[in-house]
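For reference, the structure discussed in these notes is given below.
The values are calculated or read from the model by the stated rules, or taken from the named source; none is laboratory data. These numbers were taken from a predicted model, which means no experiment stands behind them. Cβ coordinates were reconstructed from backbone atoms using ideal geometry, including for glycine residues, and neighbour counts include every protein chain displayed.
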Amino acid sequence: MYQNQPAQPYPNPYGFQAPPPVRRRWWQHPALIIAALVLLPPAGIALAWLSPWSGTKKIVATVLSGVWFLLAFLSDPPAEEKDDAKAKAAASASPSVSASASASASASASPSSTPSADVVMPDVVGKAFSEAEAAVEALIDGELRAAGAYTDVSLPANHATWIVCFQGPAAGGRLVPADADANVHLVAPGTKCPAGTGTKLRPAPSKTPTPSPTPTPTAQPKPKPVRTTPAPTPTRDEPDNVYYENCTAVRAAGADPIRRGQPGYGRHLDRDGDGVGCE
């Protein structure tokens, strides 16, 4: 008769009753709270403060979860995610640009026998040879040839800092990358460019013609004075009124030559007027 009766608890010897056990809800489970603190810190912190944990545990859990949340929020996203985001933004922003880029990439990838018409000679006049070389050789298959702008100046082995005075082809000229003959003419830094190619920096001095010596005039011999024979003084026995009609008469009389002052002298006998007649 006593087997079906419930067992009676022993009386409390201390005189007080134990508190009834607290019933834990599903969202107060420690494993769920810790997972929320790691994966979703704001929700995990809220669940931790609603749980029956002690105040110290709640504070520690809040601090650790907050630090974890800030580090994850402030750190940069992975590079792959950045690249994917940039690619998506570029694709959505400009589909025409991506289409043209893909078209140009496919065109450059496929071999083509016709050179591109957009390859032109850049303007490199006034730049250093190193800059001109980098700009031109990026467009052609060969090398940029260099020469001196002055014909009497040789280029040194290292002419990277020399300045471009002339270029060929001219700026804007079409280039065929496979067989382009690009060339430049250079001068040393601080040297003025010539007016054109084929100029000498130090031209040879022009030869001044030597003046021919002035001939020294030779001294001419002085003419010797001619001694004139004084006219003979007429004698008294000769008549003063002698007259000769012509030189024949003078010669017949033996008076030739007859001189001025002699008897019978006349102007008609002296043709040249030198004072001597019938010479």
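What to note about this one:
- Among residues of segment 247-270 that are on the phi > 0 side of the Ramachandran plot, those with a Cβ under 9 angstrom from a residue that is buried (at least 19 other Cβ atoms within 10 Å of the Cβ) and assigned to a helix (DSSP H, G or I), sequence gap 6+ or separate chain, pair up as Gly264/Val250.
- Taken as a whole, the structure leaves Glu143 outside the set of residues that are out of contact with any helix residue (DSSP H, G or I) (no Cβ under 8 Å at 6 or more places or on another chain), modelled with pLDDT of 85 or more and acidic (Asp, Glu).
- Test: residue in segment 47-55 that is at pLDDT 80 or above and over 14 Å from Pro30 (Cα atoms): yes
- Filtering segment 173-190 to residues that are surrounded by 17 or more Cβ atoms within 10 Å (Cβ to Cβ) and in contact (Cβ under 8 Å) with a residue 40 or more places away in the chain leaves Leu175, Ala180, Ala182, Val184, Leu186.
- Pair list, Cβ under 6 Å, 6 or more apart: segment 161-172 residue closer than 14 Å to Leu144 by Cβ and in the same structural domain as Ala146 (by TED's automatic domain parsing), other residue among the basic types (Lys, Arg) and surrounded by fewer than 17 Cβ atoms within 10 Å (Cβ to Cβ): none
- Pairing residues of segment 41-67 that are without any contact (Cβ under 8 Å) to a residue 24 or more places away in the chain with residues that are of a type in the set (Ser, Thr, Tyr), at Cβ distances under 8 Å and at least 6 apart in sequence or on separate chains, gives Gly44/Ser65; Ile45/Thr62; Ile45/Ser65; Ala48/Thr62; Ala48/Ser65; Trp49/Thr62; Lys58/Ser51.
- Some residue of segment 208-223 being modelled with pLDDT under 80, part of a loop (DSSP other than H, G, I, E, B) and either within 30 Å of Tyr150 (Cα to Cα) or among the acidic types (Asp, Glu) (or both): yes
- Search result, residues across segment 132-150 that are part of a loop (DSSP other than H, G, I, E, B), surrounded by 13 or more Cβ atoms within 10 Å (Cβ to Cβ) and among the hydrophobic types (A, V, I, L, M, F, W, C): Leu139, Ile140, Leu144, Ala149
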